[in-house]
2 protein chains.
Amino acid sequence: MTLPTLVSFVAGRTGSWRIERIHAVAGESLPAADSLEVVDRRDHSATPQGVWTLSGTTSNARYTTQVEAAALAGKQEGLGRAGSTCAALIPMRKSPKWWALAQDQRREIIEAKSRHIEIGMHYLPAVARRLHHCRDMGEPFDFLTWFEYSASDAPAFEELLARLRATEEWQYVDREVDIRLQRV
Amino acid sequence: MTLPTLVSFVAGRTGSWRIERIHAVAGESLPAADSLEVVDRRDHSATPQGVWTLSGTTSNARYTTQVEAAALAGKQEGLGRAGSTCAALIPMRKSPKWWALAQDQRREIIEAKSRHIEIGMHYLPAVARRLHHCRDMGEPFDFLTWFEYSASDAPAFEELLARLRATEEWQYVDREVDIRLQRV
């Protein structure tokens, strides 16, 4: 259990990750840029400027049960693995209809109907993942998810995305940008 | 359903509310000040300076079920009622042990064991209430709750607080400051 960490994804001319492509899955895209830097701002320093900067904070899990959390913890690996030369940043916004739902309704759609946690678990430890929340920060997206995986696991990552995007939960996604990166 | 609103509580020499007392219930207190202003910062303008400033954001409810949300909506009244000359601001922080719990464990403690939502409901519409989240913002507290009530409902408000503070949920509160105010 760690404190929430504020993280900024700064697109610009330099950075540890080279942006391969930016693709709008739903709604408006983001401007083109060459590179991306992931900046840990747990000191709440000033927001770094870039071609664009998206910020979010890691937080407590909002839906995961104790049983699921234990299963995830037993299977997942962290970010920064030597073999993880591929990354994806997927900023996402959900509709007002989603946010008007109560906790039990959101949980039912996420897991009972969409198997979001179960699907993600299937691709562990290959696809490492960190979720950042930003709806409460006045940001243009609600969530920023950062994924890291090896080149050989790239097909598995595509399958994971395809399965999630086919769920009932994704009917509530009204903006989604898919950004792919290679470690420099 | 409205967008999250960033709100700052600014203590200083002027403000719409006169601070009557500041009392530390658990952990460190806050510095004395004469007055308090409640500043709507949904435009994400710069943080107002004061003797102290606490900021948080309204957000989606994290535990309330659809049935509970409907019951609350049918009974509660908004802030700013003419008769609500009394207010309380209660900044609160929960322990690392709390935040290490999964969603189902936190929900079980909040409602199945502590009846937090049911207790709050009992004092509606007398005690109007707005919850602001701030754990993810690098603030010193996790929540800021703002209450408004009439002078004649002040005893009911004391009873509400006493009942909540006696719950199992409150065993996870490691800092709580109770600030009472009168409308100027």
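The values are calculated or read from the model by the stated rules, or taken from the named source; none is laboratory data. From a predicted model like this one, the values you see are computed outputs, not experimental measurements. Here Cβ is always computed from backbone atoms with ideal geometry, including for glycine, and neighbour counts include all displayed protein chains. All accessible areas refer to the heavy atoms of the entire protein, side chains included, with ligands and DNA or RNA removed. Shrake-Rupley method; radii C 1.70, N 1.55, O 1.52, S 1.80 Å.
Among the residues of the range A:83-105, the one identified as crowded, with 20+ Cβ neighbours inside 10 Å and part of a helix (DSSP H, G or I) is A:Q103. Filtering the range A:32-56 down to residues that are touching a residue at least 12 places away in the same chain (Cβ under 8 Å) and among the hydroxyl-bearing types (S, T, Y), which residue is farthest from the other protein chains (Cβ to nearest Cβ)? Here the residue is A:S35. Tell me which residues, restricted to the range B:117-162, are under 25 Å from B:P96 (Cα atoms), part of a loop (DSSP other than H, G, I, E, B) and hydrophobic (A, V, I, L, M, F, W, C). Once the filter is applied, which keeps residues that are under 25 Å from B:P96 (Cα atoms), part of a loop (DSSP other than H, G, I, E, B) and hydrophobic (A, V, I, L, M, F, W, C), the range B:117-162 yields B:C134, B:F141. Take the conditions (1) of a type outside the set (S, T, Y); (2) away from every other protein chain (no Cβ under 14 Å); (3) open to solvent by less than 10 Å² (accessible area, probe 1.4 Å); A:L144 misses just one of them, which is (2).
Being in a helix (DSSP H, G or I), over 15 Å from A:C134 (Cα atoms) and of a type outside the set (D, E) is not true of A:L79. Quick one: is B:Q49 open to solvent by 70 Å² or more (accessible area, probe 1.4 Å), in contact with a helix residue (DSSP H, G or I) (Cβ under 6 Å, 6 or more places away or on another chain) and farther than 24 Å from B:A166 by Cβ? When the stated conditions are applied, B:Q49 does not pass them.
Against the criterion of being touching a strand residue (DSSP E or B) at 6+ places or on another chain (Cβ under 7 Å) and either at the interface with chain B (Cβ under 10 Å from one of its Cβ atoms) or aromatic (F, W, Y) (or both), A:S59 qualifies.
Inspect all residues belonging to the range A:108-116 and state whether any of them is without any contact (Cβ under 8 Å) to a residue 12 or more places away in the chain, more than 19 Å from A:E37 (Cα to Cα), part of a helix (DSSP H, G or I) and more than 11 Å from chain B (Cβ to nearest Cβ). Yes; the residues of the range A:108-116 include at least one that is without any contact (Cβ under 8 Å) to a residue 12 or more places away in the chain, more than 19 Å from A:E37 (Cα to Cα), part of a helix (DSSP H, G or I) and more than 11 Å from chain B (Cβ to nearest Cβ). Among the residues of the range A:30-46, those that are within 18 Å of A:L3 (Cα to Cα) and open to solvent by 60 Å² or more (accessible area, probe 1.4 Å) comprise A:D40, A:R42, A:D43, A:H44.
Of the residues making up the range B:64-77, those that are crowded, with 16+ Cβ neighbours inside 10 Å, at the interface with chain A (Cβ under 8 Å from one of its Cβ atoms) and touching a helix residue (DSSP H, G or I) at 6+ places or on another chain (Cβ under 8 Å) are B:T64, B:T65, B:E68.
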